[in-house]
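The values are calculated or read from the model by the stated rules, or taken from the named source; none is laboratory data. Quantities reported herein were computed from a predicted structural model and do not represent experimental measurements. Cβ sites come from the backbone with ideal geometry, for glycine too, and all protein chains shown count toward neighbours.
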Amino acid sequence: MGLAPNPPALAQDPPSPAAPDAADPDDLASLKVVPARHYGRWVAAAIVLVIVSQFIHGLATNPGWDWSTFADFLTLDTIVHAVGVTLQLTLYATVLGFALGIVLAFMRLSDNAVLQTGAWTYIWAFRSIPLIVQLLFWFNLSYLYRRLGFGIPFGPTLWSFDTNALVGAIGAAVIGLSLHEAAYSAEIVRSGVISVDGGQLEAAAALGIPRLRQLRRIVLPQAMRAILPNAANQVISLFKGTSIVSVMAIGELFYQVQVIYGRNGRVVPLLMVATVWYILLTTLLSIAQYYVERYFARGAERDPPPTPLQRARTFARNLRTAAAQRTEAVQPGILALKTPGGAE
């Protein structure tokens, strides 16, 4: 029996070229890095710049703005006093409105059905009625009640007073703004309180912490982070909304502007006076809001971002350091000559 012939040799694959080493740093360094190009963003930015440039050009060249009249009335004593009246109305309404709003918020969170219903009814009513109607109602309170008093319910009156003597224009404005503000601030406070995890209150109760201390030390510090942004927006809206009391002939900012341009006919520059004051004071309120929010965010952010002032200081420090390094590179030893004991 003969041996089988040797099988034919299998064809071998041609040798593959050596694959380049993907991890070679020299090859990676030789690659050209091309940044991503966002043509849509560039077009949108160009359109925005053109619109802003045209607006600024119109402000500078259109004689209708009458900037000379604007400059004459911007710091007029009457205008400055009116700004003070506006700030007073904002302050009184904010303090009284939020004080009443906190009470209403906890009434809504109460387990008592009467308190819940009363608070809900108040909020529903004062959010439904327009502010101008509320202001005019309080301004004409003496038409319904010439005298108000305190005494035994459905019994004799122990002390009374004339509503005309007590509730004037400013008093009616403060009452109307405060009661209107309380309805909105109540919901702002309630939303912040219910944002706190209920398990924390259960843990505090298990530790025997009193309810008032739970509210003051546990609930409110955490709720403030949710309350502050909405509360600040509400205060800014209230500040601008004080212009509506001009219907009651109160000498706040917008009313005084109306009186002045009613006499001289310079409507646009006088409206710009009011606009600039509103923008300036709103900006100050926004800055205060930023720092108050940063204060209450300490527990949530261990390393908060730098403030604009801190960024400016860092930028100035970096500029001084870079300038000193350039000076030392151009004139070696100049810094050493300025040190004590350096020889010239």
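Only a single item in (1) assigned to a helix (DSSP H, G or I); (2) farther than 30 Å from TRP138 by Cα is not met by PHE239, and it is number (2). Within segment 244-272, the only residue that satisfies the criterion of being without any contact (Cβ under 8 Å) to a residue 12 or more places away in the chain and surrounded by 17 or more Cβ atoms within 10 Å (Cβ to Cβ) is TYR261.
In this structure, SER243 qualifies as more than 25 Å from GLU293 (Cβ to Cβ) and touching a helix residue (DSSP H, G or I) at 6+ places or on another chain (Cβ under 6 Å). Checked against (1) in contact (Cβ under 8 Å) with a residue 24 or more places away in the chain; (2) surrounded by fewer than 21 Cβ atoms within 10 Å (Cβ to Cβ); (3) within 21 Å of LEU131 (Cβ to Cβ), ASN233 passes all but condition (1).
Annotation note: of GLN134, GLN116, the sole residue that is buried (at least 18 other Cβ atoms within 10 Å of the Cβ), of a type outside the set (Phe, Trp, Tyr) and touching a helix residue (DSSP H, G or I) at 6+ places or on another chain (Cβ under 8 Å) is GLN134. ASP66 satisfies every condition listed in (1) at pLDDT 90 or above; (2) in contact with a helix residue (DSSP H, G or I) (Cβ under 7 Å, 6 or more places away or on another chain) except (1). Look at VAL103 and say whether it is among the hydrophobic types (A, V, I, L, M, F, W, C), farther than 19 Å from ALA231 by Cβ and at pLDDT 90 or above. In short, no.
Would you point out which residue out of THR327, THR282, THR307, THR275 is surrounded by 10 or more Cβ atoms within 10 Å (Cβ to Cβ), over 41 Å from the mean Cα position of the chain (by Cα) and either at pLDDT 75 or above or basic (Lys, Arg) (or both)?
That would be THR327, the only listed residue that is surrounded by 10 or more Cβ atoms within 10 Å (Cβ to Cβ), over 41 Å from the mean Cα position of the chain (by Cα) and either at pLDDT 75 or above or basic (Lys, Arg) (or both).
Taking the criterion of being surrounded by fewer than 17 Cβ atoms within 10 Å (Cβ to Cβ) and over 30 Å from LEU271 (Cα atoms), the residues of segment 82-113 that qualify are ALA99, VAL103, PHE106, LEU109, SER110, ASP111, ASN112, ALA113. Remark: LEU281 matches the filter, which requires a residue to be of a type in the set (A, V, I, L, M, F, W, C), within 25 Å of ALA173 (Cα to Cα) and assigned to a helix (DSSP H, G or I). For segment 200-208, the count of residues that are at negative phi, surrounded by fewer than 17 Cβ atoms within 10 Å (Cβ to Cβ) and among the acidic types (Asp, Glu) is at least one.
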